[in-house]
Amino acid sequence: RMASALGVPRSVREVASVTYRRCLDEDLIRGRSIEGVATSVLYAACRQEGIPRSLEEISDVSRVERKEIGRTYRYVSQELGLEMEPVDPKQYVPRFCSELELSEEVKAKAEEIITETAEQGLLSGKSPTGYAAAAIYAASLLCNEKKTQREVAEVAQVTEVTIRNRYQEQIEAMGLAA
């Protein structure tokens, strides 16, 4: 049900099922809600298959709080030794740009901003969705396809303050500060 609501491919569903069975076999569900474990293995499967969805998006299609999903996800991935790469903010750019009806030019510029600023170490410890959103906002201004911070924030499910803060850091790092 959740996988359908998120619009993720069948492979994600299968990876989640296998992980869930491993949780059952290793008795990791005891003391946790079934829905909580199911939701967190779906989140893990999305990340493993390179189709990241934010905890907010996962929480929206689930009956579980974001905080519990994160906590259960960390527990399960640690216990099962799931190797997780940090999510690359560039993975969010195509989807967010498409929802905002922005051009390929904006998409390419946002990816360039992410690449350039991440190389300078700006990404460390930052939310990949917020980082991608700020880069898209900056790129939309640079390409004269202006979107408001609110429009971008709604699509990325982050706050306007997050976009403002990341945006400031990114344009300063790129030497574009006005």
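Miscellaneous remarks
- Restricting the calculation to Cα atoms, every distinct pair contributes to the Kirkwood radius of the stretch 1-80, found to be 12.2 Å.
- The GluC sites (Glu not before Pro) of the stretch 61-90 meeting both criteria, a DSSP state outside H, G, I, E and B (loop) and at most 11 other C-beta atoms within 10 angstrom of the site's C-beta, are GLU83.
- Loop-located trypsin sites (Lys or Arg not before Pro) in the stretch 34-109 whose Cβ has at most 16 other Cβ within 10 Å (DSSP): ARG63
- Each principal axis of the Cα cloud of the stretch 89-174 was taken in turn, and the coordinate range along them, longest first, works out to 30, 24, 21 Å.
- Net charge contributed by nearby residues that have their C-beta within less than 12 Å of GLY81 (K/R +1, D/E -1): -2
- Take the Cβ atoms of SER98 and GLU14, set R0 to 35 Å, and the FRET efficiency comes out at 0.85.
- Inter-site label distance for GLU85 and LYS146 at 7 Å from Cα along Cβ, in nm: 3.7 nm
- Multiplying the residue separation of ALA5 and GLN157 by 0.36 nm and subtracting their alpha-carbon distance yields 53.1 nm.
- Each pair of Cα atoms in the chain enters the Kirkwood radius, and Stokes-Einstein at 20 °C and 1.002 mPa s then converts it into a translational diffusion coefficient of 125 µm²/s.
Any read-out appearing in this document is the output of simple, stated calculations on the displayed coordinates, not a laboratory observation. All values derive from a computational prediction rather than experimental measurement. Note that each Cβ is placed from the backbone with ideal geometry, even for glycine, and that neighbours are counted across all protein chains shown.
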